[in-house]
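A short worksheet on the structure shown next.
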Amino acid sequence: MSILITGGAGFIGSHAAVELLKDGYEIVVLDNLSNSKIESVNRVKELTGTEFPFFDIDLLDIQSLDEIFLKEKITAVMHFAGLKAVGESVELPLLYYNNNVTGTLNLIEVMKKYDVKNLVFSSSATVYGNPNQVPISESFPLSATNPYGKTKLMIEEILQDLYVSDDSWRISILRYFNPVGAHESGRIGENPLGTPNNLMPYITQVAIGNREELQVFGDDYNTEDGTGVRDYIHVVDLVKGHIKALSYLEENEGIETFNLGTGTGYSVLDLVNNFKEVSKKDIPYKVVDKRPGDIGICYADTEKAEKLLGWQAEKTLLQMCQDSWKWQVENPEGY
Ligand code: WQD
C-alpha cells in the first residue's frame with residue numbers, strides 16, 4: 001500500500017519522501033530527472049535507511065506510467081512533477097502546457113483506471129495573480145499572468161471538474177507560497193540547475209562565492225524597505241502540510257484547497273539580513289529594475305489549513321536560512 005510521489009527526486013518531492021518514510025508510509029518515487037538528480041533519491045534512502053522503488057519515467061509516457069500502477073500497490077498520489085520557472089514558461093509555453101497539463105491528465109487517467117482516487121496536488125500562490133490585499137485567503141480571485149501560473153490554474157480547474165463528474169475522488173489542492181530551506185542534515189536541498197531564478201538559492205550561491213552579487217529586483221514597492229515581500233516557508237513545514245492533507249483525504253470526501261504558508265511576509269532585505277546573521281558572510285547586492293511580472297507583497301492567510309488540517313508552519317526565518325546555508329556549504333556544487 002504505497003504513496004506514489006511524482007517528481008520525487010525534486011526539491012519538495014525528495015523532502016516529502018523523507019517525511020513520509022519517517023511517518024511509516026511506503027512510497028514509490030517517479031521522476032523523469034529533467035530538473036533533478038538521481039543522487040537526491042540515493043540520499044533519501046541513506047537518510048531514512050529505507051529502500052523503495054524508483055522509476056525514471058516521464059508522465060507523458062502513459063504506457064510506462066500504467067505499468068507502475070499495474071506493478072505497485074498505489075493507494076494515493078502526491079503529485080509534484082512539473083516545470084516551475086516563470087521566465088522559462090514565457091519563452092517555452094508549449095513545453096509547459098504539455099509537460100504540466102498533459103502530464104497531469106495522463107496521471108489522472110491512469111489513477112482512474114486503477115481506482116486510485118486520493119490525490120494531493122502541488123499548486124502555487126502564483127494562481128492569485130496580483131492580489132488587491134494581504135493576507136491572501138483561498139477564496140480570493142484567481143488569475144495567472146504567465147504560462148507556468150496558467151498551468152497551475154488549469155490543473156486546479158481540471159481537478160474541480162473531475163470531482164463534479166465523479167465525487168468518489170478525494171483531492172487536496174495545496175497552494176505553496178515560497179518554499180526555502182533544506183533537511184537539517186544538509187544531505188538534501190534545493191538544487192537549481194543553472195542560474196537560480198529564486199531568491200534563496202541565489203543568496204546561498206553568492207555567500208559560497210559562486211556568484212558575485214545579488215541583484216535586488218526593485219526597491220520602490222509599497223513595502224517597509226521598498227523590496228518585494230514574500231511568505232517564505234521551510235520545505236519541511238511544507239511537506240508536513242502535505243502529510244496532514246493526505247490524512248485529511250483518508251477521513252474526508254471531497255475536494256479542498258489550502259494555502260501552505262507561514263502567514264508572515266518578509267522582504268528581500270529581511271532575508272538578506274537574516275542570512276548574513278546566520279552565515280556570517282557578506283551578501284553584496286545591487287538594486288536593479290523590477291523583474292517583469294513580479295508583485296510587491298504576497299503572504300498567506302493560513303486559517304483554513306490550521307482549522308481543517310490541524311497544521312501550522314513552525315520553523316523561523318533564521319532556521320530557514322540556517323538549513324539553506326548548511327545544504328549549500330556541504331554541497332557547494334549541489335548534487
Ligand atoms: C522572491 C522575491 C523577487 C531573485 C516564484 C514563483 C512561484 C514559486 C516560487 C514555483 C521577489 C526577489 C528574486 C533575485 C530578487 N515557484 N528576487 N533577486 O517570484 O515570489 O515566486 O518562485 O512554484 O510560483 O512565481 O519567488 O524567489 O523568485 O522571488 O530580488 O535574484 O525575491 O523580486 O520579490 P517568487 P522568487
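The values are calculated or read from the model by the stated rules, or taken from the named source; none is laboratory data. What you see is a predicted model, and the numbers here were worked out from it, not measured in a lab. We place every Cβ from the backbone using ideal geometry, glycine too, and count neighbours over all the protein chains shown. Each accessible area value is taken on the protein alone, full model and side chains, heavy atoms only, with ligands, DNA and RNA left out. Shrake-Rupley method; radii C 1.70, N 1.55, O 1.52, S 1.80 Å.
For first residues located in segment 106-128 and assigned to a helix (DSSP H, G or I) and polar (S, T, N, Q), partners that are open to solvent by less than 30 Å² (accessible area, probe 1.4 Å) and more than 12 Å from the ligand (Cβ to nearest atom) and lie 6+ apart or on another chain with Cβ distances below 7 Å form the pairs 106/59; 106/65.
For segment 129-157, the set of residues classified as closer than 29 Å to residue 20 by Cβ and assigned to a helix (DSSP H, G or I) consists of 148, 149, 151, 152, 153, 154, 155, 156, 157, listed by residue number. Scanning segment 131-188 for residues that are under 26 Å from residue 319 (Cβ atoms), aliphatic (A, V, I, L, M) and either within 16 Å of the ligand (Cβ to nearest atom) or open to solvent by 40 Å² or more (accessible area, probe 1.4 Å) (or both) yields a count of 5. All of 39, 46, 88 fail the test of being of a type in the set (Asp, Glu) and touching a Phe, Trp or Tyr at 6+ places or on another chain (Cβ under 6 Å), apart from 39.
Exactly one residue out of 60, 21 is more than 18 Å from the chain's Cα centre (by Cα), of a type in the set (A, V, I, L, M), over 20 Å from residue 151 (Cα atoms) and open to solvent by 20 Å² or more (accessible area, probe 1.4 Å): that is 21.
Can you tell me which residue within segment 1-18, out of those that are under 20 Å from residue 85 (Cα atoms) and in contact with a strand residue (DSSP E or B) (Cβ under 8 Å, 6 or more places away or on another chain), is surrounded by the most Cβ atoms within 10 Å (Cβ to Cβ)?
Looking only at segment 1-18, we keep the residues that are under 20 Å from residue 85 (Cα atoms), and these are 6-15.
Then drop every residue that is not in contact with a strand residue (DSSP E or B) (Cβ under 8 Å, 6 or more places away or on another chain), which leaves 6-9, 11-13.
Values: 6: 26, 7: 26, 8: 29, 9: 31, 11: 26, 12: 22, 13: 26.
Across segment 1-18, the extreme among qualifying residues is 9.
Mind checking which residues of segment 163-176 are outside any loop (DSSP other than H, G, I, E, B) and in contact (Cβ under 8 Å) with a residue 60 or more places away in the chain? It would help to see each step written out before you state the result.
Step one: filter segment 163-176 for residues outside any loop (DSSP other than H, G, I, E, B), giving 163-165, 170-176.
If the condition is that a residue be outside any loop (DSSP other than H, G, I, E, B) and in contact (Cβ under 8 Å) with a residue 60 or more places away in the chain, then 163, 170, 171, 172, 173, 174, 175, 176 are the ones that fit.
Among the numbered conditions (1) open to solvent by 50 Å² or more (accessible area, probe 1.4 Å); (2) within 16 Å of the ligand (Cβ to nearest atom), the only one that residue 330 does not meet is (2).
Mind listing just one residue for me: the one in segment 83-98 that is among the small types (Gly, Ala, Ser) and surrounded by 14 or more Cβ atoms within 10 Å (Cβ to Cβ) and, of those, farthest from the ligand (Cβ to nearest atom)? Write out each step before concluding.
Applying the first criterion (among the small types (Gly, Ala, Ser)) to segment 83-98 yields 85, 87, 89.
Still in the list and also surrounded by 14 or more Cβ atoms within 10 Å (Cβ to Cβ): 85, 89.
Values: 85: 8, 89: 10 Å.
Taking the candidates together, the pick is 89.
Which of the residues belonging to segment 189-226 are β-branched (Val, Ile, Thr), farther than 22 Å from residue 262 by Cα, open to solvent by less than 30 Å² (accessible area, probe 1.4 Å) and more than 9 Å from the ligand (Cβ to nearest atom)? Matches in segment 189-226: 206 only.
Whether any residue in segment 227-234 is within 28 Å of residue 118 (Cα to Cα) and either more than 12 Å from the ligand (Cβ to nearest atom) or over 20 Å from the mean Cα position of the chain (by Cα) (or both) is what I want to check. Yes. Among the residues making up segment 19-35, those that are within 16 Å of residue 83 (Cβ to Cβ) and either of a type in the set (S, T, N, Q) or out of contact with any strand residue (DSSP E or B) (no Cβ under 7 Å at 6 or more places or on another chain) (or both) are 31, 32, 33, 34, 35. Only residues that are aromatic (Phe, Trp, Tyr), within 20 Å of residue 231 (Cβ to Cβ) and not in a helix (DSSP H, G or I) were counted in segment 266-314, giving 3. Residues in segment 269-285 that are open to solvent by 20 Å² or more (accessible area, probe 1.4 Å) and of a type in the set (A, V, I, L, M, F, W, C): 2 in all.
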